[in-house]
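Read the structure below first, then the notes.
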Amino acid sequence: MSSGWSEFRVIPFEYNDQVRQIDEQLLRLVAERKQITGAVQYHPPQEVIDEWTASLDLKEEDIRYVLRSVQPMPQRQFFPPEELPLMGVVPIMKKTIQDSCEYLITHSMQYETESIVHLEIHYKGNETDRVHVVPHLALEVISEQNHMSTRHSSRGGSGETHLSYRVVPALPSSLEHVQFSLVPSIPELEHKMEEVILDKQVDFE
């Protein structure tokens, strides 16, 4: 039996001076980047991402995860949409098919300070009853305005899934000069669920 919560077995952590020096260099570079960019989000073009993927032997989603994690966040509080008055609905209806999947951005729910953009993904390949779509995708909004998007909700099963993204600031009522892209991303970064943090050591005899 355990002798008490106050007595923990010693668990060695893998950390050394070489790794510490690298971590410190990373943090210094992040601080330097923030001094240069300020509150503006800087995103490398796809060709640069492709170059880094090849030269650094990293996955594209890993590179985007790191870069998105150092982007400045808007200085505002995120309120649930149900607490904001709905200003209107803007139809989008942009569809494309890639790698046996149909992607459809259906519409945007317009609020005063933000938009909720809805996306449907339908798998069109064979044996759809044996396929489970797992979207590791973030929404990028390209326009004259600097928009930031985060995962708002996700639901579905088998070969069909429905996603929504919160876009800040709100999209304009006319989307003539607005473009949408889906880029690889880690879903945990896009959609922050309520966390139950278990950070106490647990010993089993």
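The values are calculated or read from the model by the stated rules, or taken from the named source; none is laboratory data. Please read these numbers as outputs of a predicted model, since none were measured by experiment. Quick reminder, even Gly has a Cβ in these numbers, built from the backbone with ideal geometry, and neighbours come from all protein chains shown. Heads up: the accessible areas ignore ligands, DNA and RNA and are worked out on the full protein's heavy atoms, side chains in. Shrake-Rupley method; radii C 1.70, N 1.55, O 1.52, S 1.80 Å.
Can you give the local net charge around SER158? Use residues other than it whose beta-carbon is closer than 9 angstrom to its beta-carbon, Lys and Arg +1, Asp and Glu -1.
On the way: positive: ARG130; negative: ASP129, GLU160.
Here the count lands on -1.
Label separation (GLU120 vs LEU104): 0.3 nm, computed from points 7 Å beyond Cα along the C-beta direction.
Quick one: net charge around ASN16, please, counting Lys, Arg +1 and Asp, Glu -1 for every other residue with C-beta under 15 Å from its C-beta. Mind dumping the intermediate values first?
Details: positive: ARG20; negative: GLU14, ASP17, ASP23, GLU24.
Net local charge, ASN16 excluded: -3.
Applying both filters, DSSP loop and at most 16 other Cβ atoms within 10 Å, to the trypsin sites (Lys or Arg not before Pro) of segment 78-177 gives LYS124. Give me the net charge for the shell around GLY125: Cβ to Cβ below 13 angstrom, other residues only, Lys and Arg +1, Asp and Glu -1. Residues near GLY125 contribute -3 overall. Here's how it looks for ILE92: its modeled amide H is under 5 Å from those of HIS107, SER108, which are all 5 or more places away or on a different chain.
When VAL66, VAL19, VAL48 are compared by accessible surface with a 1.4 Å probe, the order from highest to lowest is VAL66, VAL19, VAL48. Distant-in-sequence amide contacts of CYS101, defined by a placed amide H-H separation under 5 Å and a gap of 5 or more residues or a different chain, comprise LYS124.
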